[in-house]
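The values are calculated or read from the model by the stated rules, or taken from the named source; none is laboratory data. The shown structure was predicted, so the numbers you read here are calculated from the model rather than taken from an experiment. Ideal geometry is used to build each Cβ from the backbone, glycine not excepted, and the neighbour counts take in all protein chains shown.
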Amino acid sequence: MKIKKILYRIMQFPEYRRVMRKLDACDPLHTFILAATPEYENIGDHAITLAEKAFLRERFPGYDVIEINHNLLVGYFDRISARLSSLGVTILVQGGGNIGSIHFFTGEYPLRLLLKHCPANRIIVFPQTYYCSNDEHGRKVLSESQLIYAFHERFTMFLRDGSFDKAKEYFPKNDIEAVPDMVFYLDDPCCAKSYDRDGLLVCFRSDAERLCSEAELKETLTKLRESGERLSSTSMLHTLPRIYSEARKRVVEAKLHEFMNAEVVLTDRLHAMILAVVTNTPCIALDNVTGKVGGVYRKWLKDLGFVCLVSSLDEIPAALAKLRERYGKDIKAGICEYDKSHFSSYWDLMQARIQP
């Protein structure tokens, strides 16, 4: 394991030098650090990063953004954190659904490193879900987080779902705001009535966050096929284990176009539901273990007619019939009910809180 870690640091060294040169040349008063961005295969998290960078580019045109990916941040943390601390630069931490206990090393761990080693920097977390499991591990993580978060006086969290209410209770000393997931900031690449859509696009989890079993899902999909529905499947995980920043835009856009070809999306993945929204694709969503799908739907999407939340797989056929009855031919030709101005007041709030 130690040898593997050393080899990986060697592989990251050119990127480390590039980032350090940027830090040396930056104006700290007009620079944001975008920290802990993904290189792993989750396309939803890469869509978040694209949206975060678009937000910063459009809302802060006079500022530079230096991206430090998760692996680089953790691998060279001692040197990078010392430089960030000495510069006093504002640190923006990647959004997602990974602070708390369930994806500890992806989200909570790098956040804690930054809070501990950059005590004077402004540290702002882009929209997240805070979740700790109700077991010994989850309670331990929560207790530790309460101590670490409270110690940092310039720490702000944006939360995107029902975890906002719990976080306000857990972390009373911290600045916490409720805002939508950043992927809602992406523009619809094809908001047009004439767009031709066909079939149901199925995108379900296969990890610890899933609520339905593989057998239950298979049975539901079989019944849909037998009723004459055309089904195709997709995944929010890329076929390659790593997506480097140079490929991010191409990978996310390919997924967006896949969603735009569907008549309806069936999913239990949060960012599959959100990609359906930003491409104005009707969607039937099922919640997951952490409750983030249902939380985002109830907080931000319940008034959008083309998105339905169901409590079980058995409710999908009725929800599908309801969508077709509501939209008629437009469900195939394309609808255009959403664009990012839908949440403009929240984007303004974020801009005001991030403004140095």
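Please determine whether any residue of the range 26-41 is free of Cβ contacts under 8 Å to residues at least 12 places away in the same chain and either touching a strand residue (DSSP E or B) at 6+ places or on another chain (Cβ under 8 Å) or more than 30 Å from Arg269 (Cα to Cα) (or both). Even if it seems obvious, please write down each step before you answer.
Taking the range 26-41 first, the residues free of Cβ contacts under 8 Å to residues at least 12 places away in the same chain are none.
Looking through the range 26-41, none of the residues is free of Cβ contacts under 8 Å to residues at least 12 places away in the same chain and either touching a strand residue (DSSP E or B) at 6+ places or on another chain (Cβ under 8 Å) or more than 30 Å from Arg269 (Cα to Cα) (or both).
When the residues of the range 98-114 are filtered to those that are in a loop (DSSP other than H, G, I, E, B) and within 15 Å of the chain's Cα centre (by Cα), the one that is surrounded by the most Cβ atoms within 10 Å (Cβ to Cβ) is Asn98. Just a yes or no: is a residue in the range 279-288 modelled with pLDDT of 90 or more, under 22 Å from the mean Cα position of the chain (by Cα) and more than 21 Å from Arg205 (Cα to Cα)? Scanning the range 279-288 turns up at least one residue that is modelled with pLDDT of 90 or more, under 22 Å from the mean Cα position of the chain (by Cα) and more than 21 Å from Arg205 (Cα to Cα). Quick check on the range 335-344. Is at least one of its residues among the aliphatic types (A, V, I, L, M), buried (at least 16 other Cβ atoms within 10 Å of the Cβ) and either modelled with pLDDT of 90 or more or closer than 19 Å to Lys255 by Cβ (or both)? No, there is no match, as no residue in the range 335-344 is among the aliphatic types (A, V, I, L, M), buried (at least 16 other Cβ atoms within 10 Å of the Cβ) and either modelled with pLDDT of 90 or more or closer than 19 Å to Lys255 by Cβ (or both). Among the residues here, Ala47 qualifies as touching a residue at least 24 places away in the same chain (Cβ under 8 Å) and buried (at least 20 other Cβ atoms within 10 Å of the Cβ). Screening Asp196 with (1) modelled with pLDDT of 95 or more; (2) more than 16 Å from the chain's Cα centre (by Cα) gives one miss only, at (1). Candidates Val252, Val265: the one that is within 26 Å of Ser344 (Cβ to Cβ), part of a helix (DSSP H, G or I) and not assigned by TED's automatic domain parsing to the domain that holds Ala178 is Val252. Scanning the range 152-167 for residues that are surrounded by fewer than 23 Cβ atoms within 10 Å (Cβ to Cβ) and either among the acidic types (Asp, Glu) or modelled with pLDDT of 95 or more (or both) returns His152, Glu153, Arg154, Thr156, Asp165. Look at the range 259-280: where a residue is in contact (Cβ under 8 Å) with a residue 24 or more places away in the chain and closer than 18 Å to Asp303 by Cβ and a partner is buried (at least 24 other Cβ atoms within 10 Å of the Cβ) and of a type in the set (Asp, Glu), sitting 6+ places away or on another chain with Cβ atoms under 7 Å, you get Ile274/Asp181. Within the range 261-286, the residues that satisfy the criterion of being over 16 Å from Gly96 (Cα atoms) and not aliphatic (A, V, I, L, M) are Asn261, Glu263, Thr267, Thr279, Asn280, Thr281, Pro282, Cys283.
Yes/no matrix, rows are residues, columns are (1) buried (at least 17 other Cβ atoms within 10 Å of the Cβ); (2) under 26 Å from Phe204 (Cβ atoms); (3) modelled with pLDDT of 95 or more:
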{"site": "Asn42", "(1), (2), (3)": "yes, yes, no"}
{"site": "Lys53", "(1), (2), (3)": "yes, no, yes"}
{"site": "Glu58", "(1), (2), (3)": "no, no, yes"}
{"site": "Pro61", "(1), (2), (3)": "no, no, yes"}
{"site": "Ile68", "(1), (2), (3)": "yes, no, yes"}
{"site": "Asn71", "(1), (2), (3)": "yes, no, no"}
{"site": "Ile80", "(1), (2), (3)": "yes, no, yes"}
{"site": "Ile91", "(1), (2), (3)": "yes, no, yes"}
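When Pro180 is tested against the conditions (1) modelled with pLDDT of 95 or more; (2) surrounded by 13 or more Cβ atoms within 10 Å (Cβ to Cβ); (3) farther than 22 Å from Val277 by Cα, the lone failure is (3). Screening the candidates Leu72, Leu50 for the property of being assigned by TED's automatic domain parsing to the domain that holds Asp181, hydrophobic (A, V, I, L, M, F, W, C) and within 25 Å of Ala254 (Cα to Cα) yields one hit, Leu50. Residues that are polar (S, T, N, Q) and assigned to a strand (DSSP E or B) within the range 227-244 comprise Ser232, Ser233, Thr239, listed in sequence order. Evaluate the following for Arg326: is it touching a Gly at 6+ places or on another chain (Cβ under 8 Å), within 14 Å of Val264 (Cβ to Cβ) and assigned by TED's automatic domain parsing to the domain that holds Leu217? Judged against the criteria, Arg326 is a match.
Looking at Met11, Met20, just one residue is at pLDDT 95 or above, out of contact with any strand residue (DSSP E or B) (no Cβ under 8 Å at 6 or more places or on another chain) and outside any strand (DSSP E or B), and that residue is Met20.
Matching residues to (1) free of Cβ contacts under 8 Å to residues at least 24 places away in the same chain; (2) assigned by TED's automatic domain parsing to the domain that holds Phe60; (3) more than 20 Å from Asp175 (Cβ to Cβ):
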site	(1), (2), (3)
Arg83	no, yes, yes
Ser86	yes, yes, yes
Ile99	no, yes, no
Cys118	no, yes, no
Pro127	no, yes, no
Ser133	no, yes, yes
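Among the residues of the range 237-254, those that are closer than 25 Å to Leu221 by Cβ and in contact with a strand residue (DSSP E or B) (Cβ under 9 Å, 6 or more places away or on another chain) comprise Leu237, His238, Thr239. Of the residues in the range 200-223, at least one is over 30 Å from Pro110 (Cβ atoms), outside any loop (DSSP other than H, G, I, E, B), over 19 Å from the mean Cα position of the chain (by Cα) and among the small types (Gly, Ala, Ser).
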